[in-house]
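Asks: Structure below; questions to follow.
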Amino acid sequence: MTPPVEQKSPAPPRLSKGEWPELSHEDLDRAADRSRVFWAREGGRRWQLLWLLVGPGVLAMIGENDGPSMISYASSGAAYGYGFFLPFIVVTFGAAIVCQEMCMRVGAVTHRGYGELVIQRYGRVWGWFNAGDLVLTNLVTLVAEFVALRIGLAYFHLPAWVAVVFGLALVAFSQSGHRYWRWERIALGLAVFNGLFLLAAILAGPSWSATGRAFVTIGPFPGGSFNTILLLVASTIGATVTPWMIFFQQSATVDKGMTPRDLKQGRADTILGGVLAALFGCGALVVGAVLFSHHAGGVQGLAGAGFPGALRNVSGALVATLFALGLIEAGALALLTISASTGYAVGEALGVHHSFNYSVRRAALFYACNIGAALIAGAVILIPGVPLLSIALNANVLATVLLPVALVFLLMLANDRQLMGRWANKRKTNVAALVVVVVVAVSGAAYGIDSFLLATHLIH
Amino acid sequence: MDDHTQQTGKPRGEATFLDAQDDTRDELVGYLERDQLEVEMDKTLPPARLGHWSRVGLWALRVFVLVVGAMVIYTFIAGLH
């Protein structure tokens, strides 16, 4: 077993000559990455250090600003205008930061992925359930990402097959270097374009006074039935904290080779991702609110295929183009991150190699799951007559079973002193984490139960 | 320019597996913690020792999964029609 973490010093002992055991290609690649971190830290180059260590947090957070989420935010804006949901998005990303910081910390301290730790510490049944449900949910979510990609490309008069070819080529290209670093930098490059939603919001000519008032008064609260509000609140939470983010950030932290010495930068990475994602998410909502102001709302969910078109009529071609490009980015980035989380989850569940630093031959299943998940989802959107809209709209409901389970195990892992040593949750962290976990888990469960009651017509 | 750069013509950390000869391998691997090595990461951790309340909590979680799982599967299938 790995030596208990309590025995480690803050500056971990480096291996000396003759002390290292059999080394793999992956070990040397990761060591090369770590050497850059070491020298940046030794040289006191703080910005370079942050640049080297930023990645998993930003990608998890902005990856969750995916196609369906951005359309969901814009739909809330189009239906309810400026108001409660603007500050609510910020609060939910605050909650996401609390959860994702724990993933980062557990990954950096244990050097093991979430799925792997659940299997080894709490048994195969829980581990396989987590991985199985995640794979199923990810497949459905990936279909929704291709739908978003298709909506964005349709604005430029490009057909569905272009969305599939583009998405698959991107996933294959990002993995082609067999280096985590390369994959991460490609994904980060894409993530920058999530900012198009903010740019679109600024150019759409929103009411800044109404925007400011929404943040100050946390209102007006949307009208409607209790069920409608519950579904909206729960789906907004569900669009911010999801199981794939937990799997992804912890595994990516391990793949990147982060250690307890990097926790400060890991936190900065997570907070930066949360702040940017909240800003861009609010941008999407504000764009929708502009439609509301012009009484051009009523574009709901992924029926938002008409969103860019409606925006062109109200705010002009530039804003509509930026929104369509934003949707393409949101779908494309989520294809990379959600495919990666599928590969990590399967690799960890089956105990086979799972890292972008391995060659295809050494981690065949990891790469196969990574591209296979995208391939299946892409194929689904090309099948004539498949209820794409229903699949996309129901994608979130599948995650509602896994989310509470994933969060409970995350909390248990972060409190496991045998694993985490002095980096286990402190009392204050536990209070914050417990509140977040309970609220998110209860909202998720309520969303699942409420959706069931609506589906069975027990409530209306 | 430090010794490493003079000898290899590359800045520190730019070495790849192919040019990682013994000395470079020695130097590179020193940047890893022992439990970051593949042979260490492949080792299995022992199961967690759970207290009474943790076990009760996990049983409650099992019930939650079965009940809500059934609801969600029904909802998803119904939603497709």
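The values are calculated or read from the model by the stated rules, or taken from the named source; none is laboratory data. Please read these numbers as outputs of a predicted model, since none were measured by experiment. All Cβ positions, glycine included, derive from the backbone under ideal geometry; neighbour counts span all protein chains shown. Ligands, DNA and RNA are excluded from the accessible area calculation, which covers all protein heavy atoms including side chains. Shrake-Rupley method; radii C 1.70, N 1.55, O 1.52, S 1.80 Å.
Asks: So A:Ala95 fits all but one of (1) among the aliphatic types (A, V, I, L, M); (2) over 20 Å from A:Ala399 (Cα atoms); (3) in contact with a Ser or Thr (Cβ under 8 Å, 6 or more places away or on another chain); what number is the exception?
Replies: (2)
Asks: In the stretch A:427-445, how many are open to solvent by 40 Å² or more (accessible area, probe 1.4 Å) and either in contact with an Asp or Glu (Cβ under 8 Å, 6 or more places away or on another chain) or within 18 Å of A:Gly107 (Cβ to Cβ) (or both)?
Replies: 1
Okay, residues lined up against (1) under 30 Å from A:Ala432 (Cβ atoms); (2) touching a Gly at 6+ places or on another chain (Cβ under 7 Å); (3) among the polar types (S, T, N, Q):
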site	(1), (2), (3)
A:Leu335	no, yes, no
A:Ala345	yes, yes, no
A:Val352	no, no, no
A:Leu365	no, yes, no
A:Ala374	no, yes, no
A:Val386	no, no, no
A:Ile391	no, no, no
A:Ala399	yes, yes, no
A:Asp416	yes, no, no
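Asks: Next question. Among the numbered criteria (1) surrounded by 16 or more Cβ atoms within 10 Å (Cβ to Cβ); (2) part of a loop (DSSP other than H, G, I, E, B), which single criterion is violated by A:Pro384?
Replies: (1)
The rows are residues; the columns are (1) away from chain B (no Cβ under 14 Å); (2) touching a strand residue (DSSP E or B) at 6+ places or on another chain (Cβ under 6 Å); (3) at pLDDT 95 or above.
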residue	(1), (2), (3)
A:Gly351	no, no, no
A:Ser359	no, no, no
A:Leu382	yes, no, no
A:Leu407	no, no, no
A:Ala414	no, no, yes
A:Val431	yes, no, no
A:Ala441	no, no, no
A:His460	yes, no, no
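Asks: A:Leu365: hydrophobic (A, V, I, L, M, F, W, C), open to solvent by 40 Å² or more (accessible area, probe 1.4 Å), over 18 Å from A:Glu184 (Cβ atoms) and assigned to a helix (DSSP H, G or I), yes or no?
Replies: Details: hydrophobic (A, V, I, L, M, F, W, C): yes; open to solvent by 40 Å² or more (accessible area, probe 1.4 Å): yes; over 18 Å from A:Glu184 (Cβ atoms): yes; assigned to a helix (DSSP H, G or I): yes.
Yes.
Asks: Which one of A:Ala284, A:Ala252, A:Ala277, A:Ala268 is touching a helix residue (DSSP H, G or I) at 6+ places or on another chain (Cβ under 9 Å), open to solvent by 10 Å² or more (accessible area, probe 1.4 Å) and small (Gly, Ala, Ser)? Even if it seems obvious, please write down each step before you answer.
Replies: On the way: A:Ala284 fails: open to solvent by 10 Å² or more (accessible area, probe 1.4 Å); A:Ala252 fails: open to solvent by 10 Å² or more (accessible area, probe 1.4 Å); A:Ala277 fails: open to solvent by 10 Å² or more (accessible area, probe 1.4 Å).
Testing whether each residue is touching a helix residue (DSSP H, G or I) at 6+ places or on another chain (Cβ under 9 Å), open to solvent by 10 Å² or more (accessible area, probe 1.4 Å) and small (Gly, Ala, Ser) leaves just A:Ala268.
Let's see how each residue does on (1) more than 14 Å from chain B (Cβ to nearest Cβ); (2) open to solvent by 10 Å² or more (accessible area, probe 1.4 Å); (3) without any contact (Cβ under 8 Å) to a residue 60 or more places away in the chain; (4) among the hydrophobic types (A, V, I, L, M, F, W, C):
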{"position": "A:Phe173", "(1), (2), (3), (4)": "yes, yes, yes, yes"}
{"position": "A:Ser176", "(1), (2), (3), (4)": "yes, yes, yes, no"}
{"position": "A:Ile186", "(1), (2), (3), (4)": "yes, yes, no, yes"}
{"position": "A:Phe197", "(1), (2), (3), (4)": "yes, no, no, yes"}
{"position": "A:Thr217", "(1), (2), (3), (4)": "yes, yes, yes, no"}
{"position": "A:Pro222", "(1), (2), (3), (4)": "yes, yes, no, no"}
{"position": "A:Thr236", "(1), (2), (3), (4)": "yes, no, no, no"}
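Asks: OK, next. Cβ-Cβ under 8 Å, sequence separation 6+ or interchain: first residue in the stretch A:28-47 and open to solvent by 20 Å² or more (accessible area, probe 1.4 Å), partner assigned to a helix (DSSP H, G or I). Which pairs?
Replies: Qualifying pairs under 8 Å: A:Arg36/A:Leu52; A:Arg41/A:Leu49; A:Arg41/A:Arg261.
Asks: Moving on. Condition first: under 19 Å from A:Gly257 (Cα atoms) and either more than 23 Å from the chain's Cα centre (by Cα) or basic (Lys, Arg) (or both). Now tell me which residues in the stretch A:354-387 satisfy that.
Replies: Selection gives A:Tyr358, A:Ser359, A:Arg362, A:Ala363.
Asks: In the stretch A:79-120, what count of residues is obtained for those that are within 14 Å of chain B (Cβ to nearest Cβ), open to solvent by less than 10 Å² (accessible area, probe 1.4 Å) and not hydroxyl-bearing (Ser, Thr, Tyr)?
Replies: Summing the residues that are within 14 Å of chain B (Cβ to nearest Cβ), open to solvent by less than 10 Å² (accessible area, probe 1.4 Å) and not hydroxyl-bearing (Ser, Thr, Tyr) in the stretch A:79-120 gives 10.
Asks: Please specify each residue of the stretch B:40-81 satisfying the condition of being within 7 Å of another protein chain (Cβ to nearest Cβ) and surrounded by fewer than 14 Cβ atoms within 10 Å (Cβ to Cβ).
Replies: Matches in the stretch B:40-81: B:Lys43, B:Thr44, B:Pro46, B:Pro47, B:Leu80.
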